[in-house]
Amino acid sequence: MTQSINFPICNSCIAPYGSWDDLGKQLHALGLDGIEGIVDPDDFDPSFPASLLSGYHMVFYPDWLDFYRQNSSELLRKFGSMEMVGRVYRGTRPEDLMKQFKDDLSYAVSLNTPYVVFHVADVSLEEGYTYRWLHTDQEVLDASLEFINELLRDVSPTFDFLVENQWWPGFTFTDPQKTEYLLSRIDYPRVGIMLDTGHLMNTNTKLRTQAEGVDYILDMVRLHGDIKDRILGIHFHQSLSGSYVRKNTGSVPDGFPTDYFEAFFQNYLHIQKIDRHHPWTEPKCVRILDEIRPRYLTHELSYGTNRPQLTVTKKQLNTIRKGRLHD
């Protein structure tokens, strides 16, 4: 099993660690293999060494479907002007979006990545508050399949293509029929799932403890039967935010900014309180790893300014060790 942390390939992110080589030494000291990288196009570091890459997370736009379908009335309602649409998506046409993804995939391939991760979801800023969806799971799945199959057209199968579950409309890993629908229609020979444990917990706002979260995740895995074998990777973290969601969703808050980027920043802070990316402290979490036996394990943890990333990673690694001792 390859183990990594999530880490942006950018200059400002590596600066606190000294260099990529220094980061690699610290990761190896923890028994980890490297990073699951994602590119920050505004702060890209071309000196990143391919030897440190354990996997690659593709670029993503949480709210992309109306742009892809060129739904002008919805785009104007959400962004205020087509000029703002162009700024957000770095273009104005679906072809511009596809080019970004193709360029991103080409970079991942140039690094000899063993896998790439692709989000299959769609959510606007307002939906993050209202929890009233503008698109159905099926609409998001069908559009994603169209996009993915164009993205992978004529691409050599040198990597595993892993779809990641969210708790927004699209792929949630709560309905085996929809999961099978998605997997079976991707025209690529190496397709699997990157199961995000915290995102799966976010689909059940009744969860109160990490132990309940472990049981729920295992219930969903077992509900999927043989599809379990398609789970090749895990984004490992826990998220208990049901109480917050019940108190802070249902409507857009009063005084919500009208400027898109101001609204995005406020919404981002809100989403962080829903999708917590906290380290597991319940040793029972090892049951998830034992049930799935993933090929790739990414410790995808939130750390902020006061919690160094490797500190919270050590905390989760220690929890796994405790779980192994208790078995």
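Let me confirm something: among A143, A121, which residue is small (G, A, S), touching a helix residue (DSSP H, G or I) at 6+ places or on another chain (Cβ under 8 Å), surrounded by fewer than 20 Cβ atoms within 10 Å (Cβ to Cβ) and more than 30 Å from P49 (Cβ to Cβ)?
Details: A121 fails: surrounded by fewer than 20 Cβ atoms within 10 Å (Cβ to Cβ).
One residue alone meets the criteria, A143.
If you go through the stretch 160-190 and pick out every residue that is surrounded by 20 or more Cβ atoms within 10 Å (Cβ to Cβ), aromatic (F, W, Y) and assigned to a loop (DSSP other than H, G, I, E, B), you end up with 4.
If I filter the stretch 191-224 down to residues being of a type in the set (S, T, Y) and part of a helix (DSSP H, G or I), which single residue comes out as nearest to the chain's Cα centre (by Cα)? Filtering the stretch 191-224 for residues that are of a type in the set (S, T, Y) and part of a helix (DSSP H, G or I), the one nearest to the chain's Cα centre (by Cα) comes out as T197.
Taken as a whole, the condition of being under 28 Å from R293 (Cβ atoms) and exposed (fewer than 12 other Cβ atoms within 10 Å of the Cβ) applies to M1.
Within the stretch 225-247, identify whether any single residue is acidic (D, E) and not in a loop (DSSP other than H, G, I, E, B), and answer yes or no.
Looking for residues that are acidic (D, E) and not in a loop (DSSP other than H, G, I, E, B), one finds at least one in the stretch 225-247, hence yes.
Among the residues making up the stretch 49-61, those that are surrounded by 18 or more Cβ atoms within 10 Å (Cβ to Cβ) and touching a residue at least 60 places away in the same chain (Cβ under 8 Å) are L53, S54, G55, Y56, H57, M58. The set of residues in the stretch 13-42 being at pLDDT below 95, exposed (fewer than 14 other Cβ atoms within 10 Å of the Cβ) and either on the phi > 0 side of the Ramachandran plot or within 21 Å of the chain's Cα centre (by Cα) (or both) consists of G18, P41, D42.
Flag set for V88, criterion: under 20 Å from P257 (Cα atoms) and among the β-branched types (V, I, T). The conditions of being free of Cβ contacts under 8 Å to residues at least 60 places away in the same chain and under 30 Å from L75 (Cβ atoms) are not met by K315.
The set of residues in the stretch 279-315 that are at pLDDT 95 or above, closer than 29 Å to L269 by Cα, of a type outside the set (D, E, K, R) and assigned to a loop (DSSP other than H, G, I, E, B) comprises P279, W280, T281, L301.
If the condition is being under 12 Å from L310 (Cα atoms) and in contact with a helix residue (DSSP H, G or I) (Cβ under 8 Å, 6 or more places away or on another chain), then the stretch 5-26 contributes I5, F7, Y17, L23, G24, Q26.
Suppose the filter is exposed (fewer than 14 other Cβ atoms within 10 Å of the Cβ), under 22 Å from L75 (Cα atoms) and among the hydroxyl-bearing types (S, T, Y); does T136 pass it?
Numbers: exposed (fewer than 14 other Cβ atoms within 10 Å of the Cβ): yes; under 22 Å from L75 (Cα atoms): yes; among the hydroxyl-bearing types (S, T, Y): yes.
Taking the combined requirement at face value, the residue satisfies it.
Within the stretch 244-258, the residues that satisfy the criterion of being touching a residue at least 24 places away in the same chain (Cβ under 8 Å) and out of contact with any helix residue (DSSP H, G or I) (no Cβ under 9 Å at 6 or more places or on another chain) are R246, T258.
The values are calculated or read from the model by the stated rules, or taken from the named source; none is laboratory data. Just so it is clear, the model here is predicted, and its values are computed rather than measured. Neighbour counts are summed over all protein chains in view; Cβ atoms, including those assigned to glycine, are modelled from backbone coordinates with ideal geometry.
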